[in-house]
There are 2 protein chains.
Amino acid sequence: MVKVSIIGSGNVAQHLIAAFAKSNITTLVQVYSRNPDSLLPFVEADKIASSLDALAEADIYIIAVSDLAIAEVSRHIAFTGRLIVHTSGSIAMEALDNKNRRGVFYPLQTFTKNKPVDFKEIPICLEAENDTDYAVLEQVAKTISDHLYRIGSQQRKALHVAAVFVNNFTNHLYRIGNDICTENDIPFDILKPLIAETANKVMTLTPEQAQTGPAKRNDQNTIETHLKFLTDQNQKDIYKILTQSIMNDGKKL
Amino acid sequence: MVKVSIIGSGNVAQHLIAAFAKSNITTLVQVYSRNPDSLLPFVEADKIASSLDALAEADIYIIAVSDLAIAEVSRHIAFTGRLIVHTSGSIAMEALDNKNRRGVFYPLQTFTKNKPVDFKEIPICLEAENDTDYAVLEQVAKTISDHLYRIGSQQRKALHVAAVFVNNFTNHLYRIGNDICTENDIPFDILKPLIAETANKVMTLTPEQAQTGPAKRNDQNTIETHLKFLTDQNQKDIYKILTQSIMNDGKKL
């Protein structure tokens, strides 16, 4: 059995705890939190550590705290020479204190509190300073996910930016769609099958193949009509820049 | 049985033909196309009309041609006083020649050639000049879809703009994500579960509730890192405007 401890109690930590609970090759040794009470619904009381000094021996420590706290938490850990990983998309492996062996265990997904996810489907991006540690990470990761990727810190940074585009920014476009519906007494529900199919299409087609719409077919009439329709300057600006960007892609072909 | 004829042979026309084939309260009388050969795989030869003058009597004629051709096709139809609808999100009902009774039958979905869709899940937006015709449209629409909406021409215009945001523009963000992956030797597959879950989240949460990321939490460090990482000016500009727009939403609360 591989002994795993988790440092943190937020969204990612909670989803990892749930995922490891189903794994038959790992044992959850401890979970650390500054607010132990927040863990009581998920973790047996005797496995909760409320101080970093109380961390028992484990084969791997997974730091799942906010980006800004990662370096500091890794410095405050008392022991040395053990395998410690963080779960962040945007922080380099080297941000971890080098008194321990370092690595990254980054599950690329948007986690919602109290909404279970199928961890098997979540890609986990792994990185380690040496091959032995990488093998341990791989062994642990494959018990909870079917999709493992070896991704260096620079690639992970790229991936995190790409994730902001396809997740944060996409959700914001949903928000604008929702706002336009609300302003015109249209239920947002009417857009949901379109949202689902838009995502579904790129599971099998490339985004380039899936692109449709007035910008793609250079339909200036419709574009003008839409710009006249939009009264919010911010929505107009976003419409213009994305329309232009789609048109530029067309010219590159 | 309600007698339906379809005018057009493109994506929407083909998906409507397939949907009506399963309906037990409609009969497909004819399909008109300037290129009858394109219809042969889907329609029996004796039901194909290659001239508008060859259109037989039907209870409803559905014009599923490109936006720019709708008005002209409706003018070239020889008969008068019958129910004629178009399927466009961006064209007003009044664009149809008023020698016939007019309406709109707009299925709000992105259709891909040769990719079957579950029409039952597709919202159909209906509009008609009078309640009797509306009832006929409703009767026909509900045999192919479970989601009918009465939507006026002005609302339909709003809906079409909203659809551009949640479909065309969202797909373009997928494209940018794909481009960033390609430039950094990362398989696009790694983003697919995130894309799927991003769409999935707004099926039950509002986009406002689902919003996460550096812009949402005003994380200037990460935003700076991302902007430094992006070298493509167009990607940088899109990153900035969408980040700012998410931040402005935060201030409105």
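The values are calculated or read from the model by the stated rules, or taken from the named source; none is laboratory data. The structure presented is a predicted model; accordingly, all values stated were derived computationally and were not measured. Quick reminder, even Gly has a Cβ in these numbers, built from the backbone with ideal geometry, and neighbours come from all protein chains shown. Each accessible area value is taken on the protein alone, full model and side chains, heavy atoms only, with ligands, DNA and RNA left out. Shrake-Rupley method; radii C 1.70, N 1.55, O 1.52, S 1.80 Å.
Being facing chain B (nearest Cβ under 7 Å) and surrounded by fewer than 17 Cβ atoms within 10 Å (Cβ to Cβ) is the filter here, so list the residues in the range A:226-240 that pass it. Steps first, answer last, please.
So in the range A:226-240, the residues facing chain B (nearest Cβ under 7 Å) come out as A:226, A:229-230, A:234, A:237-238.
Across the range A:226-240, the qualifying residues are A:234, A:237.
Checking every residue in the range A:46-55 against the condition of being within 14 Å of chain B (Cβ to nearest Cβ) and open to solvent by 10 Å² or more (accessible area, probe 1.4 Å) gives zero matches. Any residue at all in the range A:86-93 that's at negative phi, more than 12 Å from chain B (Cβ to nearest Cβ) and of a type in the set (A, V, I, L, M)? Within the range A:86-93, one or more residues are at negative phi, more than 12 Å from chain B (Cβ to nearest Cβ) and of a type in the set (A, V, I, L, M).
All of A:25, A:62 fail the test of being touching a Leu at 6+ places or on another chain (Cβ under 9 Å) and not charged (D, E, K, R), apart from A:62. Residues in the range A:3-12 that are modelled with pLDDT under 95 and touching a strand residue (DSSP E or B) at 6+ places or on another chain (Cβ under 8 Å) were compared, and the one that is most open to solvent (accessible area, probe 1.4 Å) is A:12.
Determine which member of the set B:44, B:94, B:72, B:57 is of a type in the set (Asp, Glu) and closer than 29 Å to residue A:186 by Cα.
On the way: B:44 fails: closer than 29 Å to residue A:186 by Cα; B:72 fails: closer than 29 Å to residue A:186 by Cα; B:57 fails: closer than 29 Å to residue A:186 by Cα.
Matching residue, one of B:44, B:94, B:72, B:57: B:94.
For the range A:161-182, which residues satisfy the criterion of being at the interface with chain B (Cβ under 7 Å from one of its Cβ atoms) and more than 22 Å from the chain's Cα centre (by Cα)? Scanning the range A:161-182 gives A:176, A:177, A:178, A:180, A:181.
Give the range A:186-204 a look and list any residue that's facing another protein chain (nearest Cβ under 7 Å) and of a type outside the set (Val, Ile, Thr), or say none. Don't jump to the end; show me each part of the working.
Our first condition is that a residue be facing another protein chain (nearest Cβ under 7 Å); within the range A:186-204, this holds for A:186, A:190-199, A:201-203.
A:191, A:192, A:193, A:194, A:196, A:197, A:199, A:201, A:203, listed by residue number.
Residues in the range B:116-142 that are of a type outside the set (A, V, I, L, M) and under 19 Å from the mean Cα position of the chain (by Cα): B:116, B:118, B:119, B:120, B:121, B:123, B:125, B:127, B:138, B:142. Taken over the range B:66-88, the criterion of being part of a helix (DSSP H, G or I) and open to solvent by less than 10 Å² (accessible area, probe 1.4 Å) is satisfied by B:70, B:74. Residue pairs whose Cβ atoms lie under 8 Å apart, separated by 6 or more positions or on different chains, with the first residue in the range B:68-86 and in contact (Cβ under 8 Å) with a residue 60 or more places away in the chain and the second assigned to a loop (DSSP other than H, G, I, E, B) and among the β-branched types (Val, Ile, Thr), are B:73/B:65. Quick one: is residue A:102 within 30 Å of residue B:218 (Cα to Cα), at pLDDT 95 or above and in a helix (DSSP H, G or I)? Judged against the criteria, residue A:102 is not a match.
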